[in-house]
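Engineer: What follows is a structure written as structure tokens; I'll ask about it next.
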Amino acid sequence: MIVLDASALLAFLFREVGQERVAEVVERSCLSAVNLCEVLGRFARDRHDPVEVLSRIRETSIEIVPFDAGQAVLAAALAPVLRPRGLSLGDRACLALAVSRGVPALTADRAWIDLDIGVEVRVIR
């Protein structure tokens, strides 16, 4: 299992550089509902129906994980370390899910490379 950041899923969906790295793991991946919101928001911004995009994502084997109180606590605990580095709530939600499941996180965000928060980070480009 691997946790997808919104940036990784968007690279896959838009066939951007690094999409092949996501394709290799998409069948055994999960996504925080917070990051799903980011992905759907990106499509909505371009005037695509988020309900239709969600339907297509649900056709894959990507597990959509609700953002629960435990993950909220983890994301909040990461804030003092990660906010000064420019990481958003979405970033922290992805990392909190990875920490809670003890699995790697996959992102396109190179700012995550040297994070030392107890979870493996893989960068797609």
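The values are calculated or read from the model by the stated rules, or taken from the named source; none is laboratory data. Fair warning: this is a prediction, and the values are worked out from it, not measured in the lab. Note: ideal-geometry Cβ built from the backbone for every residue, glycine included; neighbour counts use all protein chains shown.
Engineer: State all residues of the stretch 1-27 that are touching a Cys at 6+ places or on another chain (Cβ under 7 Å) and of a type in the set (S, T, N, Q); if no residue qualifies, say none.
Structural biologist: Within the stretch 1-27, no residue meets the criteria.
Matching residues to (1) over 12 Å from the mean Cα position of the chain (by Cα); (2) of a type in the set (F, W, Y); (3) exposed (fewer than 12 other Cβ atoms within 10 Å of the Cβ); (4) over 23 Å from M1 (Cα atoms):
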{"site": "T60", "(1), (2), (3), (4)": "yes, no, no, no"}
{"site": "A69", "(1), (2), (3), (4)": "yes, no, yes, no"}
{"site": "L74", "(1), (2), (3), (4)": "yes, no, no, no"}
{"site": "A77", "(1), (2), (3), (4)": "yes, no, no, yes"}
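Engineer: Kindly indicate whether S100 is buried (at least 20 other Cβ atoms within 10 Å of the Cβ), touching a residue at least 24 places away in the same chain (Cβ under 8 Å) and in contact with a Leu (Cβ under 7 Å, 6 or more places away or on another chain).
Structural biologist: Spelling it out, it is not the case that S100 is buried (at least 20 other Cβ atoms within 10 Å of the Cβ), touching a residue at least 24 places away in the same chain (Cβ under 8 Å) and in contact with a Leu (Cβ under 7 Å, 6 or more places away or on another chain).
Engineer: Which residues, taken from the stretch 17-50, are free of Cβ contacts under 8 Å to residues at least 12 places away in the same chain and not in a helix (DSSP H, G or I)?
Structural biologist: E24, D46, R47, H48, D49
Engineer: Taking the stated definitions as given, is R92 modelled with pLDDT under 95, part of a helix (DSSP H, G or I) and not aliphatic (A, V, I, L, M)?
Structural biologist: So R92 does not fit the description; no.
Engineer: Would a scan of the stretch 66-79 turn up a residue that is at negative phi and part of a strand (DSSP E or B)?
Structural biologist: No, the stretch 66-79 has no match at all.
Engineer: Residue by residue through the stretch 11-26, note down the ones that are within 24 Å of D68 (Cβ to Cβ) and either of a type in the set (K, R) or out of contact with any strand residue (DSSP E or B) (no Cβ under 7 Å at 6 or more places or on another chain) (or both).
Structural biologist: V26
Engineer: How many residues does the stretch 103-114 contain that are in a loop (DSSP other than H, G, I, E, B) and crowded, with 20+ Cβ neighbours inside 10 Å?
Structural biologist: Counting residues in the stretch 103-114 that are in a loop (DSSP other than H, G, I, E, B) and crowded, with 20+ Cβ neighbours inside 10 Å gives 2.
Engineer: Checking the condition under 18 Å from R92 (Cβ atoms), surrounded by 12 or more Cβ atoms within 10 Å (Cβ to Cβ), touching a Phe, Trp or Tyr at 6+ places or on another chain (Cβ under 7 Å) and not charged (D, E, K, R), which residue from S32, S7 passes?
Structural biologist: S32
Engineer: Okay, moving on. Restricting to the stretch 80-89, what's the tally of residues that are under 16 Å from S32 (Cα atoms) and not in a helix (DSSP H, G or I)?
Structural biologist: Total meeting the criteria: 2.
Engineer: Does E27 qualify as being in contact with a helix residue (DSSP H, G or I) (Cβ under 9 Å, 6 or more places away or on another chain), modelled with pLDDT of 95 or more and acidic (D, E)?
Structural biologist: no
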